[in-house]
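Heads up: the structure comes next, in structure tokens.
The values are calculated or read from the model by the stated rules, or taken from the named source; none is laboratory data. Please read these numbers as outputs of a predicted model, since none were measured by experiment. Glycine also receives a Cβ, built like all others from the backbone with ideal geometry; neighbour counts cover every protein chain displayed. Just the protein is used for accessible areas: all its heavy atoms, side chains included, with ligands, DNA and RNA removed. Shrake-Rupley method; radii C 1.70, N 1.55, O 1.52, S 1.80 Å.
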Amino acid sequence: MGGVIVDSGKFDWAQNDKFPGLSKPNPSYHGVIFTEAVGNLAYIIKLRTTLLRDQGATISPFNSFLLLQGLETLSLRVERHVENALKVVDYLNNHPLVAKVNHPSLAKGREKELYDSYFPKGAASIFTFEIKGSAEDAKKFTERLKLFSLLANVADVKSLVIHPASTTHSQLSETELAESGITPATVRLSIGTEHIDDIIADLERGFNSIS
């Protein structure tokens, strides 16, 4: 985790008493009054002299490099996520063992118009579908996949799968699950950036385990 703090240096922190940490003596730093010592730079200087000192809130150079590299390649990864997801949606929507696919690209009417308007290149690499079968069939499907990782998190570079009713939403009652649109046979996918042929082959492996 990392972040950036941007301070223009133009705000008057001493205009009232709302910022005593900046406009009053700081006992942890020799009683300095930051607004008097450094003027409008009080905020950013206080961060460096106290927050940095107390919490060590400085990311390492290597972690900074990883975050920067991740941000610079994010758009390319998202394109691959979406491209793969739409192909998986098409595959599932035509599979005989799938009862329903819940993806905005399959919506109708006004919802489809909005989807096409806001996402002309497609969107949503995280979605659910319902297997024609029982909860045990759905769980068996998730457990037989090899390329997909059986994990609760989403939006990873790799493809992920989970059975919500028995994991992420297991604390809900049957009524609450139904109200959330989750059936015993619901499977959630987070499509990654692997080659689409490998993703489809892995899904086929899962279906073969319950056919």
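Is there a residue being closer than 21 Å to N208 by Cβ and not hydroxyl-bearing (S, T, Y) anywhere in the stretch 110-129? Walk me through it before giving the result.
Step one: list which residues in the stretch 110-129 are closer than 21 Å to N208 by Cβ, which gives 128-129.
Now narrow it down to the ones that are not hydroxyl-bearing (S, T, Y): 129.
Within the stretch 110-129 (the criterion being closer than 21 Å to N208 by Cβ and not hydroxyl-bearing (S, T, Y)), the answer is yes, since at least one residue qualifies.
Checked against the criterion of being open to solvent by 50 Å² or more (accessible area, probe 1.4 Å) and in contact with a Lys or Arg (Cβ under 9 Å, 6 or more places away or on another chain), the candidates L106, L114 yield just one match: L106.
Evaluated against (1) over 18 Å from E204 (Cα atoms); (2) in contact with a Lys or Arg (Cβ under 8 Å, 6 or more places away or on another chain); (3) of a type outside the set (A, V, I, L, M), T128 falls short on exactly one condition, (1).
When you scan the stretch 59-72, how many residues do you find that are open to solvent by 50 Å² or more (accessible area, probe 1.4 Å) and assigned to a loop (DSSP other than H, G, I, E, B)?
Taking the stretch 59-72 first, the residues open to solvent by 50 Å² or more (accessible area, probe 1.4 Å) are 59, 61-63, 65-69, 71-72.
This time we only want the ones that are assigned to a loop (DSSP other than H, G, I, E, B), so: 59.
Within the stretch 59-72, residues that are open to solvent by 50 Å² or more (accessible area, probe 1.4 Å) and assigned to a loop (DSSP other than H, G, I, E, B) number 1.
Cβ-Cβ distances below 9 Å connect the following pairs, each with a first residue in the stretch 122-151 that is touching a residue at least 24 places away in the same chain (Cβ under 8 Å), a second residue that is among the acidic types (D, E) and not in a helix (DSSP H, G or I), and a separation of six or more residues or different chains: A138/E130; L147/E194.
Residue pairs whose Cβ atoms lie under 8 Å apart, sitting 6 or more positions apart in sequence or on different chains, and linking a residue in the stretch 28-44 that is under 17 Å from S8 (Cα atoms) to a partner that is polar (S, T, N, Q) and open to solvent by less than 60 Å² (accessible area, probe 1.4 Å), are F34/S23; F34/N26; T35/S23; A42/S23; A42/T35.
Would you mind listing the helices (runs of 4 or more DSSP H) fully within the stretch 100-211 where at least 3 residues are in contact with an Asp or Glu (Cβ under 9 Å, 6 or more places away or on another chain)? Steps first, answer last, please.
Numbers: elements: 109-118, 135-144, 174-179, 196-208.
The helices (runs of 4 or more DSSP H) meeting that bar are 196-208.
Checked against (1) open to solvent by less than 90 Å² (accessible area, probe 1.4 Å); (2) part of a helix (DSSP H, G or I), D90 meets all criteria but (1). Residue check: P96 meets all listed conditions (1) over 30 Å from P120 (Cα atoms); (2) modelled with pLDDT of 90 or more; (3) part of a loop (DSSP other than H, G, I, E, B); (4) not small (G, A, S) but one, namely (1). Among the residues making up the stretch 17-58, those that are more than 30 Å from Q69 (Cα to Cα) and either open to solvent by less than 50 Å² (accessible area, probe 1.4 Å) or in contact with a Lys or Arg (Cβ under 7 Å, 6 or more places away or on another chain) (or both) are G21, L22, S23, N26, G31, V32, I33, F34, T35, G39, N40, A42. Regarding the stretch 1-8, can at least one residue be identified that is among the charged types (D, E, K, R) and modelled with pLDDT of 90 or more? Scanning the stretch 1-8, I find no residue that is among the charged types (D, E, K, R) and modelled with pLDDT of 90 or more, so the answer is no. Residues in the stretch 194-211 that are under 16 Å from H163 (Cβ atoms) and of a type in the set (A, V, I, L, M, F, W, C) were compared, and the one that is most open to solvent (accessible area, probe 1.4 Å) is I210.
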